[in-house]
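Before any comments, here is the structure.
Bear in mind that the values in this text are calculations on the coordinates, not laboratory data. Everything numeric here is computed off the predicted structure, so don't read it as measured data. Heads up, the Cβs are rebuilt from the backbone with ideal geometry, glycines too, and the neighbour counts pull from every protein chain shown.
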Amino acid sequence: MIKAFDHVTITVSDLGRSVDFYQRILGLEVMGMLEQNGGNFKIVYLDAGGAIIELFHFKQGGQPLPEVKDSDVGIKHIGFRVDNVDEVVKKLKEAGIRFTLEPFDATGGVRIAFFKDPDGILIELVQGELKLLPYEGKRSSLT
């Protein structure tokens with residue numbers, strides 16, 4: 001059914017600030033932009049190495065998406081694969097990024113660290129290949 005992961009969307013409060021963060025700080029390339037509703041709704045597309053990050057921004061008069069609360073079930077963070085977590089953390093700290101979780105060796109044989117984007121979206125850096133155990137749960141069938 002599913003061929004590949006395509007994109008994730010983040011609604012941002014300040015489009016210029018967020019584009020600067022994802023482009024200048026994280027090194028993602030801006031692919032382009034779409035405008036709707038007379039320019040009150042803009043989407044900036046970023047190349048995230050095989051997938052896309054869409055940055056949604058609603059100006060005054062635009063229709064915002066419903067707010068998601070921390071207790072709601074849903075996406076908790078976005079993960080980016082890197083060659084060396086410690087080197088990336090050092091560069092990001094030099095750029096003024098504060099980490100919510102310093103680099104450490106996590107279960108599954110990976111090294112990870114966490115920080116937030118300008119709107120508080122949690123971002124994970126991942127180094128290494130995750131070693132998983134077999135899944136013992138019940139498998140569902142979609143028919």
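Normalising by the residue count of the stretch 1-62, find the relative contact order in percent from Cα pairs under 8 Å and 6+ residues apart.
Once normalised by length, the contact order is 38 percent.
Evaluate the charge dipole of the chain about its Cα centre and quote only its size in Debye, nearest 20, assuming +1 on the Cβ of each Lys and Arg and -1 on the Cβ of each Asp and Glu.
About 180 debye.
Placing +1 on the Cβ of each Lys and Arg and -1 on the Cβ of each Asp and Glu in the chain, which of Ile10, Ala95, Tyr22 has its Cα farthest towards the positive end of the resulting dipole?
Ile10
Note the listed values [x] 28, 23, 15; [y] 24, 15, 15; [z] 36, 19, 11, then indicate which one is semi-axes √(5λ) of the Cα gyration tensor in Å calculated from this particular structure.
The calculated read-out lines up with [x].
For a quick check: sort Arg17, Arg111, Arg24 by the number of other beta carbons within 10 angstrom, fewest at the front.
The order, fewest Cβ neighbours first, is Arg24, Arg17, Arg111.
Local charge sum around Gly128 (other residues, Cβ-Cβ under 13 Å, Lys/Arg +1, Asp/Glu -1)?
For residues surrounding Gly128, the net value is -2.
Take each of the peptides 90-96, 8-14, average the number of other beta-carbon atoms within 10 Å over its residues, and list them starting from the highest.
8-14, 90-96
Connecting C-alpha atoms closer than 10 Å in a GNM of the chain, tell me which of Gln36, Gln127, Gln23 has the biggest fluctuation.
Gln36
Counting only DSSP beta bridges with both residues in the chain, tell me the antiparallel percent, nearest 5.
So the antiparallel bridges in the chain amount to around 75 percent.
Fewest to most neighbouring Cβ within 10 Å: what's the order for Ile121, Ile43?
Lowest count first: Ile43, Ile121.
Take Lys116, Lys76 and order them by how many other Cβ atoms sit within 10 Å, fewest up front.
Lys76, Lys116
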